[in-house]
Amino acid sequence: MADKKLKGKKVAILAADMFERVELEEPRKALEDAGATTEIVSLEEGEIQGFDHFEPKQKVKVDKTVEEVSASDYDALLVPGGVGNPDQLRGDENAVKFVRDFVEAKKPLAVICHGPWVLVEAGVVRGRKLTSWPTLQTDIRNAGGNWVDEEVVVDQGIVTSRKPDDIPAFNKKMIEEFCEGRHEQRETTQTHSAAS
């Protein structure tokens with residue numbers, strides 16, 4: 001039987017049409033296998049269309065719209081990639097605020113592939129080390145982030161990976177960070193030197 005170390009944790013999965021199917025399905029399964037409850041949060045009610053790269057695949061039912069929820073409703077956030085998915089999310093002020101609120105509350109996030117576009121739009125990458133699909137590196141650097149080409153990167157509770165091949169490492173780190181929960185002690189470490 002799987003270890004239910006995320007039992008009692010509620011995770012929002014923020015996605016829209018054109019999400020990369022495997023980047024939503026596999027991390028969601030890993031979270032649920034670890035005991036977490038997940039909810040698909042999107043821009044509109046109904047269903048969203050998954051893709052395998054450029055090929056449409058099955059749809060996924062939306063549980064809540066981003067206007068109906070807040071970061072305080074959840075313990076953690078997952079943002080899958082796919083080219084169209086994060087591009088739509090970053091154009092929606094409610095979705096961008098939802099992501100920013102998780103970061104400001106120091107709750108953990110796991111973001112893969114093109115997903116970091118939403119982090120850039122939310123203004124939360126400055127001074128952080130992260131990875132993504134390679135074509136986002138200029139956007140991340142221009143936003144003040146430190147982009148690296150690594151399988152999985154963790155910085156202050158934000159887990160990032162590059163592509164579907166990284167999912168096993170991404171899932172492992174995501175579950176570790178989601179188990180840890182809020183990252184208040186890291187803020188204390190950073191502000192301590194300023195106070196002394």
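The values are calculated or read from the model by the stated rules, or taken from the named source; none is laboratory data. None of the values given here were measured: they were computed from a predicted structure. As a convention, Cβ positions derive from the backbone with ideal geometry for all residues, glycine included, and neighbour counts pool all protein chains shown.
Could you say which residue among 190, 137, 185 is assigned to a helix (DSSP H, G or I), surrounded by 13 or more Cβ atoms within 10 Å (Cβ to Cβ) and either at pLDDT below 95 or over 14 Å from the mean Cα position of the chain (by Cα) (or both)?
Every option except 137 fails the conditions.
So, residue 41, is that one closer than 24 Å to residue 83 by Cβ and either hydroxyl-bearing (Ser, Thr, Tyr) or surrounded by 23 or more Cβ atoms within 10 Å (Cβ to Cβ) (or both) or not?
Yes: the conditions hold for residue 41.
Picking from 71, 16, which residue would you name as being closer than 17 Å to residue 108 by Cα and hydrophobic (A, V, I, L, M, F, W, C)?
Answer to the selection: 71.
Could you tell me whether residue 4 is of a type in the set (Lys, Arg) and surrounded by 14 or more Cβ atoms within 10 Å (Cβ to Cβ)?
no
Does residue 83 meet the test of being surrounded by fewer than 19 Cβ atoms within 10 Å (Cβ to Cβ), out of contact with any Lys or Arg (no Cβ under 6 Å at 6 or more places or on another chain), of a type in the set (A, V, I, L, M) and closer than 27 Å to residue 152 by Cα?
Considered against the rule, which asks whether it is surrounded by fewer than 19 Cβ atoms within 10 Å (Cβ to Cβ), out of contact with any Lys or Arg (no Cβ under 6 Å at 6 or more places or on another chain), of a type in the set (A, V, I, L, M) and closer than 27 Å to residue 152 by Cα, residue 83 comes out as yes.
If you check every pair at least six apart or on different chains, which have Cβ atoms under 7 Å apart with a residue in the stretch 149-162 that is farther than 14 Å from residue 77 by Cβ first and a residue that is small (Gly, Ala, Ser) and not in a loop (DSSP other than H, G, I, E, B) second?
Close Cβ pairs (under 7 Å, with a partner that is small (Gly, Ala, Ser) and not in a loop (DSSP other than H, G, I, E, B)) amount to 151/161; 151/169; 152/161; 152/169; 161/169.
Residues being aliphatic (A, V, I, L, M) and closer than 18 Å to residue 179 by Cα: count how many of those fall in the stretch 86-120.
Residues flagged as aliphatic (A, V, I, L, M) and closer than 18 Å to residue 179 by Cα within the stretch 86-120 amount to 5.
So, residue 77, is that one over 21 Å from residue 170 (Cβ atoms), at pLDDT 95 or above and either in contact with a strand residue (DSSP E or B) (Cβ under 9 Å, 6 or more places away or on another chain) or buried (at least 17 other Cβ atoms within 10 Å of the Cβ) (or both) or not?
It is false that residue 77 is over 21 Å from residue 170 (Cβ atoms), at pLDDT 95 or above and either in contact with a strand residue (DSSP E or B) (Cβ under 9 Å, 6 or more places away or on another chain) or buried (at least 17 other Cβ atoms within 10 Å of the Cβ) (or both).
Check 29, 9 and return the single one that is closer than 14 Å to residue 110 by Cβ and exposed (fewer than 13 other Cβ atoms within 10 Å of the Cβ).
29
Got a sec? Which of 30, 95, 16, 12 is in contact with a helix residue (DSSP H, G or I) (Cβ under 8 Å, 6 or more places away or on another chain) and in a strand (DSSP E or B)?
Of the residues listed, the single one that is in contact with a helix residue (DSSP H, G or I) (Cβ under 8 Å, 6 or more places away or on another chain) and in a strand (DSSP E or B) is 12.
Among the candidates 57, 5, single out the residue that is closer than 15 Å to residue 81 by Cα and over 18 Å from the mean Cα position of the chain (by Cα).
When all the criteria are applied, what remains is 57.
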